[in-house]
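Nothing in this text is a laboratory measurement; each read-out follows from the coordinates by a stated rule. Not measured: the values here are computed from a predicted model. Neighbour counts run over all protein chains shown; Cβ positions are idealised from the backbone, glycine included.
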Amino acid sequence: MRPEKTSDLQEELEKRFLTYALSTIVSRSLPDVRDGLKPIHRRILYAMESMGMNAASKHVKSAKIIGEVLGKYHPHGDSSTYESMVRMAQDFSMRYPLVDGKGNFGSMDGDSPAAYRYTEGRLTPITAFLLSDIKKDTVDFRPNYDNTLKEPVVLPSRIPNLLINGSSGIAVGMACSFPSHNLHEVFSALISLIDDPKQTVASLMKHIKGPDFPTQGIILNSKEELRKAYETGSGAVKIRGEWKIEDLPRGKKQIILKSIPYAINKARLIEKIAEIIIAKKLAPLTDVRDESDEKVRVVLEIKNTADPNKLMSYLFKHTDLESNFQINFTCLKPNGEPARLSLIDICQEFLEFRKQVVTRRLEFELALLEKRLHILAAFAAVFADLDKAIKLIRSSKSRKEAHEKILNYFKLDDEQTSAILEFPLYRLVALEMNKILEEQLEKLKEKKRIESILKSPKKISDEVRKELEEIDKKYGDKRKTRFGSSDNVEFNAEDFIVHEDVYIVLSQNGWIRKLKTLNDPSTLKFKENDQLLETTQCNTKDLLGFFTSRGNVYITKAYNLPHTRTGFGEPIQSLFKFSDGEKVIGMIRLPGTPEDNKQKSGQSSLSFDKVDEYMVVSSNGFGFRFPISNLGETTRSGRKIMSLKNDDRMIGFSPVSQKHVFLATAVGKAVVIATEQVTQLTGSGKGVILMKPGESQLVGFKFVKLKDKIKLVFDTGKDKDITVKSVRLCNRGSQGVIISKRNTIIKIT
């Protein structure tokens, strides 16, 4: 038996998690600063190059490509590998696509590509510069996953792919997000950096103006904001879609969206605009439709009285027609270390890499030249005494004997002698011999040129510069993304809202509906085990407040609530950020509205114009009054109105309408106290103890006159009427008097 080994669990977890994290960072998620590729993309391109799939070859089934990649280099899932290949073929994802796809490779609408058995692909012309000279020992190779083949550690890229195509990824504890840039601008910056290596980011930005996205658009950042992002390797690019006004017959107009921000799903954007139209939040906008083909064309139909600039300002604020692209220049340095680099760091790392590649390529070519010159020197020596060579060969009885005679007589080595013996007889003619001698002279001249370059760092830089200029001349193009101002036309969102009266229906389980008409609340249908809590009539511009059991209030304009045509409505939790277990207990319409806010659930309340304050009460007997002016529109997260501890919860709220308030517990005790004894708070708080419920809890409260009657509703379904006078008037904080000995009270009305 093996001896038992013990290890500290925490140490083992830390060690293994670190190993996993490093593997994810280096082997999957972050691109290399040199070729701008992650391992999966590098393997796909190398596999396609090994299959001979250049830009001039025929398209090959994607299934064959994926099989080649998985079988030889990338032992992971086929779906993720195919997704990586698809992205490299999408002209709306990459500024300069690396794969020429044939078939359905997805769309800006988020449509999935066809399965890999239906699509085909090959390399694009520009990809040749990523793979050029890879067979000339320009980069290191390492064993593949099963140690049967070799794969490149990095591609000998002649183009700064990390900048011109960008990259994004999420690793363990770090992420990256590189925007694409214009090839001509990046190459101009690289050439200027060769001429003056001591440049700054600011001087480099004379060439690189900013990101250049494949989906066009307008960048709204200032030069200072972009410079800071490029210097720190972190920031955000604010990008906006382009639009224009198109004239129609009879003096009508419509708005055309010509582009959308990068990485935004066009179908979802149109869906969001349609939701705004349906909710009548933007009355001048009447319809939206997608007429896109190869180019983006989204039509917005507007009313004749509409102000297009204000309308677009609203859409920029409330949709993804204006969005931010995060910049995070985290990548792998040549030593494999992840780091966040600046723009100038990335350019310098690429140029240094290109110098290394050029040096290794020249050394490889020099070795081939020397090898060839070595053979040509043997040919020249033999041609000088050709008759003797022929005589030695004819006098030999075997190849081995001829080999030894030629080797000894002409003072050659084995390689040279073998080349002589394999030399075709027809090339012994004078013309062929002259060609060989001319080749020798050319090779000597080329050797001298390469040796002079290798001895001079400046000449190596000149070689890099020459390559950059050639590619720039061939593939340099104009920018797609423009620069603009972020100045928006001022607008008031309420100006776009249609004035109309609506009914808001709230159920006990928190389902909310907004209806145009409501004749009889009793005809409403609810989900199983649910029933009507309350309804209110209001205007679309009115504020509505929703109180919850956690002591929070959520206040929003009525027009923000979704219209309900059929069904049970929407769960209120989807409209606000409720915490776990939080439940809505009621709603109010805030003051300033002309309507009376008559509750349709049978409980009436006063006109808000006459209500100055409200009171809230918790199940543990705490409560306080607060001015109604204390409430205002909130965010989706709401605001705290009552501080609660432990299992305490808010059970109700009511307008302060009488001089006395009646409170009751579940075990049948009640108390009547003077309203003036309830403390008023202007902010959130716990309040004061109104009644001590003991081991029970409060089930309700109601403002009353001493001559009023109270209806007690029991858990048995029965009810009982009592007079307020029958309950002794007490100071706040008492335990109350018994009003029911046998049955449990569930609510009072």
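Before moving on, here are some points about what is shown:
- Paramagnetic reach from S726 (point 7 Å along Cα→Cβ, amide N under 13 Å) across the range 639-671: 669-670
- Average Cα contact separation per residue, the range 355-475, under 8 Å, 6 or more apart, as relative contact order %: 39
- Between helix 430-454 and the chain: long-axis angle, C-alpha atoms, 0 to 90°, nearest 10: 50
- Its residues counted as N, the range 37-156 yields a C-alpha radius of gyration over 2.2 N^0.38 Å of 1.01.
- Separation in nanometres of the label points that stand 7 Å from Cα toward Cβ, at N309 and D462: 5.6
- Between N408 and K295, full extension at 0.36 nm per residue minus the direct alpha carbon distance yields a gain of 33.2 nm.
- Estimated vicinal HN-Hα couplings, Hz - the range 133-146 in sequence order (Karplus 6.51, -1.76, 1.60; Gly, Pro = x): 6, 5, 8, 10, 6, 7, 9, 7, 10, 9, x, 6, 4, 10
- Projected label distance in nm at Y118 and T517, using a 7 Å step from Cα toward the beta-carbon: 4.7
- Cα convex hull of the range 339-393, projected area averaged across orientations, nm²: 5.5
- A crude spin-label estimate for the pair S395 and K741, with each label 7 Å from Cα along the Cβ direction, gives 14.5 nm.
- Amide H to amide H distances under 5 Å link K747 with V713, where only residues 5 or more positions off or on other chains count and H is placed in the peptide plane.
- Estimated FRET transfer efficiency when R0 is 51 angstrom, pair S485-L532 (beta carbons, to 0.05): 0.45
- Each residue of the range 75-91 was assigned a 3J(HN,Hα) from its phi angle through the Karplus expression (A = 6.51, B = -1.76, C = 1.60, θ = phi - 60°), giving x, 10, x, 6, 5, 5, 5, 5, 4, 5, 5, 4, 4, 5, 9, 8, 6 Hz with x at Gly and Pro.
- Spherically averaged projected area in nm², based on the convex hull that wraps the Cα atoms of the chain: 54.8
- Computed magnitude of the charge dipole of the chain (debye, nearest 20; Cβ of K, R +1, Cβ of D, E -1): 1720
- Sum of side-chain charges, D290 neighbourhood, beta-carbon under 11 Å (Lys, Arg +1; Asp, Glu -1): -1
- Cα-only Debye scattering, the range 355-475: base-10 log of I(q)/I(0) at q = 0.13 Å⁻¹: -0.65
- 5 angstrom amide H check on G166, placed H, neighbours 5+ away: H181
- Taking a straight Cα-Cα cut-off under 14 Å and skipping sequence neighbours fewer than 8 places away in the same chain, the aspartates and glutamates within cross-link reach of K480 are D91, E185, D212, E242.
- Taken over the range 242-320, lysine pairs spaced eight or more positions apart, or on distinct chains, with alpha carbons under 13 Å apart number 11.
- Relative contact order computed over the chain (Cα-Cα under 8 Å; 6+ residues apart), in percent: 9
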